[in-house]
Amino acid sequence: MQNSNIMYNIEQLYDLSGLKEIHQNDEAFIRIIKEAFINHTPADATKMLNACSAGDWAQVGFLAHKLKSSIDILKIASIKDDIRTIELNARQQKQLTSLPELVQKVNIVIAMTAKQMNE
Amino acid sequence: MKGKNFLIFVLEDDKLYNTILHHFLSLNPEHEVKSFTTGAELLKALHQKPDFITLDYSLPDGNAMQLLKQIRDVLPEVRIVIVSAQQDVQTAIDLLKKGADDYLVKDSETQDRLWVAIKNCKEKISLKKEIETLQTEVSKKYNFQKAIIGNSTPMKQVFSLIEKAALTNITVSVTGETGTGKDLVAKAIHFNSTRKSRPFVPVNIAAIPAELMESELFGHEKGSFTGAVTQRIGKFEEANKGTLFLDEIGEMDITLQAKLLRVLQEKEITRVGSNKIIPVDVRIIVATHRNLLAEVKKGTFREDLYYRLLGLNIHLPPLRNRENDVLLIAKHFIEQFCSENNLPKKYLSLEAKKQLLNYQFPGNIRELKSIIDLSCVMSDGEEIELAHTQRVSATMPGSITSLEEPVTLRRFTLQLLQDYLEKYDYDVLKVAQVLNVGKSTLYRLIKNKELNVPEKVY
């Protein structure tokens with residue numbers, strides 16, 4: 001389901017500055033956050049991709065809602081608007097034809113973010 | 001849990017956000033934070049009685065709306081804050097209506113706002129604990145076995161009746177001579193009843209002018225009469241779910257008696273100047289030094305109200321009929337006075353005890369308290385000698401020195417009041433304060449010409 005029209009920013013996809021500020025540069029905590037993201041968020045994004053393929057829009061909406069706060073916290077700016085569009089359209093079941101592309105984009109960006117975090 | 005005294009539950013199915021909230025809330029060493037990812041897990045752990053719960057709106061096994069009710073059924077008092085990415089205003093309103101204490105949208109300020117919510121919650125809990133402590137202290141104070149001192153046969157009967165009265169909501173009428181402690185009995189019943197955490201509202205009927213009494217009892221609406229510049233709730237509404245103590249009920253104006261009877265029958269009031277009916281759940285305790293049946297026969301007290309109020313009658317015996325109670329109470333008053341005034345411990349001499357046992361105490365316990373307080377002040381050493389009590393009695397007009405004369409209680413009381421009025425240059429407020437009687441009682445007696453004062457005073 002790869003789409004060659006999607007362009008991705010190859011610079012750092014996430015920004016932890018806000019989180020570091022709130023938690024006073026607690027390196028141990030930042031490490032825990034990264035681990036939590038790497039261990040759980042890509043899996044949820046993949047679940048959303050599968051739900052989209054199955055046409056299970058309620059589940060797509062639920063997972064988009066869940067991913068939204070993680071994307072906001074880590075300031076993954078390139079998909080901030082996309083995840084909101086997915087949640088809204090999936091819940092209201094409108095413009096469904098555009099959703100697979102957006103869901104795939106989110107899935108790929110999250111996977112790339114996790115990869116960057118691991119490096 | 002050592003050093004931790006604030007239990008927080010975090011319900012958040014997003015592992016990342018859950019981790020953040022858990023870490024953030026654990027920054028305070030007083031917090032113990034437990035994380036859950038499903039509503040079912042959280043419900044199972046409610047027996048741990050958390051102080052604070054954060055709920056995500058969307059959950060894999062339902063949503064916060066359904067969970068709120070289930071939590072509230074188990075823990076009605078717990079503080080619940082919804083932390084959600086759901087920005088729909090109507091959802092937030094519905095959740096607040098269903099019992100959520102706050103609704104926070106997940107954004108960059110969520111953690112700061114959560115911190116404020118927890119701070120407010122702690123203050124609320126602290127205030128609640130303070131109120132509970134104070135209520136316990138008040139209950140202890142009015143634990144009638146300790147608050148009402150007495151070992152005599154007549155008082156044992158009184159204790160038995162107080163115990164029975166405290167178990168139910170029956171209307172209680174407390175009768176007895178002035179100074180026998182009728183208000184103390186009313187408080188003891190309330191603070192030992194199931195209504196003890198609700199208000200105890202005393203109203204002295206004799207102290208409030210008749211024309212203001214209706215507004216005092218039932219409240220009034222703004223503008224209902226000259227001077228009613230604001231709406232005011234009355235004593236019945238103030239005492240809702242609690243106890244209303246109507247002291248000196250025998251002094252109530254006959255026209256108001258009819259209104260009171262209606263309220264007692266219908267269990268609802270109407271504020272002066274309003275047509276709105278307000279239901280009230282109030283336990284009534286009344287007290288009087290008068291013989292109400294005699295007042296009924298005289299036509300000054302309604303017969304139907306008399307029977308309505310009679311309920312369980314507790315008659316307090318005069319101190320002179322309470323055997324050796326006078327010595328027990330005197331001992332208590334000495335300890336109390338010395339403690340409050342940082343005086344060394346004192347005790348009564350044998351002669352002083354004998355004199356107190358032989359005295360008639362027309363002013364009952366109030367008079368005994370006055371004698372003891374003065375005796376404590378007058379005595380130099382540990383022992384309160386006979387001389388001291390004699391000196392006390394000598395300074396109390398019509399007191400112990402006149403015991404041998406056969407006088408009626410009323411005549412004695414009037415003489416006492418008259419002497420004090422003369423002693424304090426007819427300063428009614430001063431005499432009321434010194435003798436611990438209502439100033440309105442004094443004014444009434446002056447008005448009725450039972451006490452003599454120069455024209456300029458009244």
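The values are calculated or read from the model by the stated rules, or taken from the named source; none is laboratory data. Values in this document were obtained by computation on a predicted structure and should not be read as measured data. With ideal geometry, Cβ positions are generated from the backbone for all residues, glycine too; neighbour counts draw on all protein chains shown.
Identify, by number, the condition in (1) within 18 Å of B:Val158 (Cα to Cα); (2) in contact with a Gly (Cβ under 7 Å, 6 or more places away or on another chain); (3) not hydrophobic (A, V, I, L, M, F, W, C) that B:Glu295 doesn't meet.
(1)
Matching residues to (1) touching a helix residue (DSSP H, G or I) at 6+ places or on another chain (Cβ under 7 Å); (2) modelled with pLDDT of 90 or more; (3) more than 14 Å from every other protein chain (Cβ to nearest Cβ):
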{"residue": "B:Met1", "(1), (2), (3)": "no, no, yes"}
{"residue": "B:Leu11", "(1), (2), (3)": "yes, yes, no"}
{"residue": "B:His23", "(1), (2), (3)": "yes, no, no"}
{"residue": "B:Pro29", "(1), (2), (3)": "no, no, yes"}
{"residue": "B:Ala40", "(1), (2), (3)": "no, yes, yes"}
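Would you mind finding the one in B:Lys97, B:Lys49, B:Lys124 that is in the same structural domain as B:His23 (by TED's automatic domain parsing), surrounded by fewer than 11 Cβ atoms within 10 Å (Cβ to Cβ), under 40 Å from the mean Cα position of the chain (by Cα) and not acidic (Asp, Glu)?
Working: B:Lys49 fails: surrounded by fewer than 11 Cβ atoms within 10 Å (Cβ to Cβ); B:Lys124 fails: surrounded by fewer than 11 Cβ atoms within 10 Å (Cβ to Cβ).
Every option except B:Lys97 fails the conditions.
Could you check segment A:70-106 and list, in sequence order, the residues that are in a helix (DSSP H, G or I), within 14 Å of chain B (Cβ to nearest Cβ) and buried (at least 19 other Cβ atoms within 10 Å of the Cβ)?
Once the filter is applied, which keeps residues that are in a helix (DSSP H, G or I), within 14 Å of chain B (Cβ to nearest Cβ) and buried (at least 19 other Cβ atoms within 10 Å of the Cβ), segment A:70-106 yields A:Ser70, A:Ile71, A:Asp72, A:Ile73, A:Ile83, A:Ile86, A:Glu87, A:Ala90.
Show the residue pairs that are 6+ apart or on different chains and have beta-carbon atoms under 6 Å apart, the first residue being within segment B:84-106 and farther than 18 Å from B:Cys121 by Cα, the second being of a type in the set (Asp, Glu).
Listed pairs, sorted by first residue: B:Ser84/B:Asp56.
Which of the following residues is assigned to a helix (DSSP H, G or I), closer than 19 Å to B:Thr441 by Cβ, over 30 Å from the mean Cα position of the chain (by Cα) and at pLDDT below 90: B:Leu357, B:Leu421? Give the steps one after another, and end with the answer.
Details: B:Leu357 fails: closer than 19 Å to B:Thr441 by Cβ.
Only one candidate qualifies: B:Leu421.
Looking at (1) at pLDDT below 90; (2) within 29 Å of B:Lys369 (Cβ to Cβ); (3) of a type in the set (S, T, N, Q), find the lone condition where B:Thr180 falls short.
Just one mismatch for B:Thr180, condition (1).
May I ask you to list the residues in segment B:370-386 that are under 35 Å from the mean Cα position of the chain (by Cα) and assigned to a strand (DSSP E or B)?
B:Ile384, the sole residue that qualifies.
Within segment B:110-125, how many residues are at the interface with chain A (Cβ under 10 Å from one of its Cβ atoms) and not hydroxyl-bearing (Ser, Thr, Tyr)?
If we filter segment B:110-125 for residues that are at the interface with chain A (Cβ under 10 Å from one of its Cβ atoms), which is where we start, we get B:110-112.
Remaining after also requiring not hydroxyl-bearing (Ser, Thr, Tyr): B:111-112.
Number satisfying all stated conditions: 2.
Within the set of pairs 6+ apart or on separate chains, which have a first residue in segment B:22-34 that is within 16 Å of A:Leu19 (Cα to Cα), a second that is in a helix (DSSP H, G or I), and C-beta atoms under 7 Å apart?
B:His23/A:Phe29; B:His23/A:Ile32; B:Phe24/B:Gln111
Report, by residue number, each residue of segment B:233-277 that is at positive phi and within 18 Å of the chain's Cα centre (by Cα). Give the derivation first.
Taking segment B:233-277 and keeping what is at positive phi, we get B:241, B:248, B:267, B:273.
Listed by number, the residues that qualify are B:Lys241, B:Glu248.
With the structure loaded, tell me whether B:Thr180 is among the β-branched types (Val, Ile, Thr), within 30 Å of B:Leu435 (Cα to Cα) and assigned to a loop (DSSP other than H, G, I, E, B) or whether it fails that test. Don't jump to the end; show me each part of the working.
Details: among the β-branched types (Val, Ile, Thr): yes; within 30 Å of B:Leu435 (Cα to Cα): yes; assigned to a loop (DSSP other than H, G, I, E, B): yes.
So B:Thr180 fits the description; yes.
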